[in-house]
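Novice: What follows is a single structure, and I will ask about it in a moment.
The values are calculated or read from the model by the stated rules, or taken from the named source; none is laboratory data. Quick caveat, the model's predicted, so the values are computed rather than measured. Every residue, glycine among them, receives a Cβ derived from its backbone with ideal geometry; neighbour counts consider all protein chains shown. What goes into the accessible areas is simple: the full protein's heavy atoms, side chains included, and nothing from ligands, DNA or RNA. Shrake-Rupley method; radii C 1.70, N 1.55, O 1.52, S 1.80 Å.
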Amino acid sequence: MEEKGHCFSPEDEQFMRMALSLAERAAEEDEVPIGAVLVHKGEVIARAYNRREQNKCATHHAEVLAIEEGCRVLGGWRLPDCTLYVTMEPCAMCAGAVVNARIGRVVYGVPDIRFGAFGSLFDLSKLPTNHTPTVEGGLLHDACLSLLRAYFKQKRKN
């Protein structure tokens with residue numbers, strides 16, 4: 001399967017659909033609809049969605065929560081054999097967490113032109129850090145974008 005110039009596997013799509021399902025749950029709970037799934041050697045080890053409003057914490061983005069859970073599950077802070085699937089391109093904080101956790105690959109759905117730190121605003125993966133994850137965007141782009149647009153359209157009505 002190919003989207004936006006990348007070749008994605010059926011497993012990639014399956015994991016991104018899980019992330020989308022989590023994003024939908026976030027929207028139902030009046031959180032910005034972003035979901036993340038962390039996969040280690042083909043097995044889901046963590047799932048999360050944005051919880052900033054509920055937890056009253058600026059760092060409770062889906063990616064950070066998934067990384068924290070992945071560290072607990074694997075018993076360490078390094079996650080090199082993991083892929084993080086997230087419905088929107090990670091921000092600087094989340095991209096930094098990916099680099100610090102040594103996550104091997106990130107797959108996201110829709111770019112974040114305002115805050116995206118893996119290519120949209122700037123690209124942390126291109127800076128001379130001690131770890132460079134593989135980053136691929138555009139998987140299930142339209143579904144991810146549609147969910148975000150519907151959420152913000154509803155927010156503007158209220």
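Novice: Calculate what fraction, in whole %, of the accessible area of the chain sits on carbon and sulfur atoms when a 1.4 Å probe is rolled over the protein chains.
Specialist: Carbon and sulfur: 51 percent of the exposed surface of the chain.
Novice: What whole number of Å gives the distance from the Cα centroid of segment 6-34 to the Cα centroid of segment 59-117?
Specialist: About 14 Å separates the Cα centre of segment 59-117 from the one of segment 6-34.
Novice: Per residue, how much accessible area does the chain have with a 1.4 Å probe, in Å²? It would help to have the intermediate numbers written out before the result.
Specialist: Working: 8070 Å² over 158 residues.
In whole numbers, the chain has 51 Å² accessible per residue.
Novice: Taking only DSSP H segments of four or more residues, each worth -39500 (n - 2.57), what value at 222 nm results for the chain once the sum is divided by all its residues, to the nearest 500 deg cm²/dmol?
Specialist: Values: 5 runs with 62 residues, N = 158.
Per the formula, -12500 deg cm²/dmol.
Novice: Counting only trypsin sites (Lys or Arg not before Pro) that sit in a DSSP loop (anything but H, G, I, E, B) with at most 10 other Cβ atoms within 10 Å, what is the longest stretch of the chain containing none of them? Walk me through the intermediate numbers first.
Specialist: Numbers: sites that count: LYS41, LYS56, ARG114.
By the stated rule (loop sites, at most 10 other Cβ atoms within 10 Å), 57-113.
Novice: Next question, about the same structure. Let me make sure I get this right: for segment 39-128, a, b and c are the square roots of the gyration tensor eigenvalues over alpha carbons, sorted descending. Under 1.5 in a/c it's rounded, otherwise prolate if a/b > b/c, else oblate. Which is it?
Specialist: Numbers: a/c = 1.67, a/b = 1.16, b/c = 1.43.
Oblate.
Novice: On to the next question. Normalised by the residues of the chain, what does the relative contact order come to in percent, with Cα pairs under 8 Å and at least six apart? If you can, show how the numbers build up before the last one.
Specialist: On the way: 328 pairs, mean separation 32.1, N = 158.
With pairs under 8 Å counted, the relative contact order is 20 percent.
Novice: Once you've got the GNM for the chain with C-alpha springs shorter than 10 Å, pick whichever of SER146, SER21, SER125 has the biggest mean-square fluctuation.
Specialist: Largest GNM mean-square fluctuation: SER146.
Novice: Sticking with this one: For the chain, what does the alpha-carbon gyration tensor say about shape, rounded, prolate or oblate, given a ≥ b ≥ c as the root eigenvalues, a/c under 1.5 as rounded, and a/b over b/c as prolate? Present the calculation step by step, with values, prior to reporting the outcome.
Specialist: Working: a/c = 1.41, a/b = 1.26, b/c = 1.12.
Here the chain falls in the rounded category.
Novice: Charges only on Cβ, +1 for Lys and Arg, -1 for Asp and Glu: so what's the dipole of segment 25-158 about the Cα centre, in debye to the nearest 20?
Specialist: Here segment 25-158 has a charge dipole of around 240 debye.
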